1. Go over the candidates 129, 59, 30 one by one and state the one that is more than 15 Å from the chain's Cα centre (by Cα), in contact (Cβ under 8 Å) with a residue 60 or more places away in the chain and either within 15 Å of the ligand (Cβ to nearest atom) or outside any strand (DSSP E or B) (or both).
2. Can you list residue pairs whose Cβ atoms sit under 7 Å apart, with the first residue in region 173-191 being of a type in the set (Lys, Arg) and the second being in a loop (DSSP other than H, G, I, E, B)? Count only pairs 6 or more apart in sequence or on different chains.
3. Does region 133-165 hold any residues that are more than 9 Å from the ligand (Cβ to nearest atom) and among the small types (Gly, Ala, Ser), and which are they?
4. Pick from region 185-202 the residues that are assigned to a helix (DSSP H, G or I) and acidic (Asp, Glu): which of them is surrounded by the most Cβ atoms within 10 Å (Cβ to Cβ)?
5. Going by the structure shown, is residue 107 within 16 Å of the ligand (Cβ to nearest atom), hydroxyl-bearing (Ser, Thr, Tyr) and in contact with a Gly (Cβ under 6 Å, 6 or more places away or on another chain)?
6. Considering only region 88-109, how many residues are within 16 Å of residue 11 (Cβ to Cβ), among the aliphatic types (A, V, I, L, M) and in a loop (DSSP other than H, G, I, E, B)?
7. If a residue must be within 15 Å of the chain's Cα centre (by Cα) and touching a residue at least 40 places away in the same chain (Cβ under 8 Å), how many such residues does region 193-211 contain?
8. Kindly check whether there is at least one residue in region 137-146 that is on the phi > 0 side of the Ramachandran plot and touching a residue at least 40 places away in the same chain (Cβ under 8 Å).
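Here, each number is a calculation from the coordinates, and none is a lab measurement. Not measured: the values here are computed from a predicted model. Quick reminder, even Gly has a Cβ in these numbers, built from the backbone with ideal geometry, and neighbours come from all protein chains shown.
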Amino acid sequence: MSKVNLDTQVLGLIGYPLGHSISPLIHNYALEYFDLNFVYLAFDLAPEKLKAGINGFRALNVKGVNVTIPHKREVLSLLDEVDDIAQKIGAVNTIVNQQGQLKGYNTDVTGFRRMIEDDGGFSIPNKSALIIGAGGASRAVGTALCEGGIKEIYLVNRTLKKAEKLASFWQDNYPQVSVKAGELNKDFYVPLLGEIDLVVDTTPVGMEPNIEQPPVIATEKFHPGMLVVDLVYNPAQTTILKAAKKQGAETINGLPMLLYQAAEAFKMWTGCEPEVEHWYRLLEKETDMR
Ligand code: ATR
């Protein structure tokens, strides 16, 4: 880090509880790499303090903030402006301070798309996808696929009502896509799997420390030519990805998405675009990831 002085600007992350986020590590590394006079700090911000925190960023001229669970939705109403995609999915993961005005963006959407296209070699138009889970991450994934020109989405969730609500939201916003919701039940999804090109698990199933937890859906019908994505990246190989590999499917975990969304946020704040390869090497050295 260049020496902290009168001109040092502040970036940061808000979430609650923050646990062990890699964001401070990767952003401070990139700030040093580009020799930028910023610091990136982690702010453990309880929900009842969110409004005060956001007003504090405005007052103190904090340049940019990443937003994580549980604030991605609630923060929208506290900002001066929200870009179209973030508005559409109702979630902000990046705030940019533009001359005192706080504007919200969602770089998870482009991060997911870049991951499946660049790392998965997947071309979205005219394909069929099965998405598991109907929470915040699922909203970003489905929106990325609809924006990218997917043909069909099947959305399954443990709580059917949530899947139905999200599916009808996508259907209303993207009438050209066929969207169907169903129960997290073999009878619903197994007959579909033969025709599915992309499976995305957005649930936390299999995440550290529950690494032995069996896959959230039956994997026997996974097949070569199918891309299976688990947004969990710790461990790198969850049980669903191991099973998918066994069936000859391509697999990716969620780490590239995390790094791409971070790179895009960093570029919005500083104008410099980090190389994610540098971050992979950093994570290998500094953490037990990858
Ligand atoms: P995120 O922002 O990461 O998407 P979330 O909004 O809490 O987190 O959503 C988590 C999703 O994973 C939900 O769809 C949840 O299902 P419910 O809507 O029924 O709660 C799903 N999920 C969590 N644990 C699960 C489990 N053990 N089996 C199946 N689905 C699970």
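1. After applying the criteria, what remains is 30.
2. Sorted first by the residue in region 173-191, then by its partner, the pairs are 186/218.
3. Answer for region 133-165, where residues must be more than 9 Å from the ligand (Cβ to nearest atom) and among the small types (Gly, Ala, Ser): 142, 144, 148, 149.
4. 195
5. The answer is no for residue 107.
6. The number of residues fulfilling the criteria is 1.
7. Count: 4.
8. no
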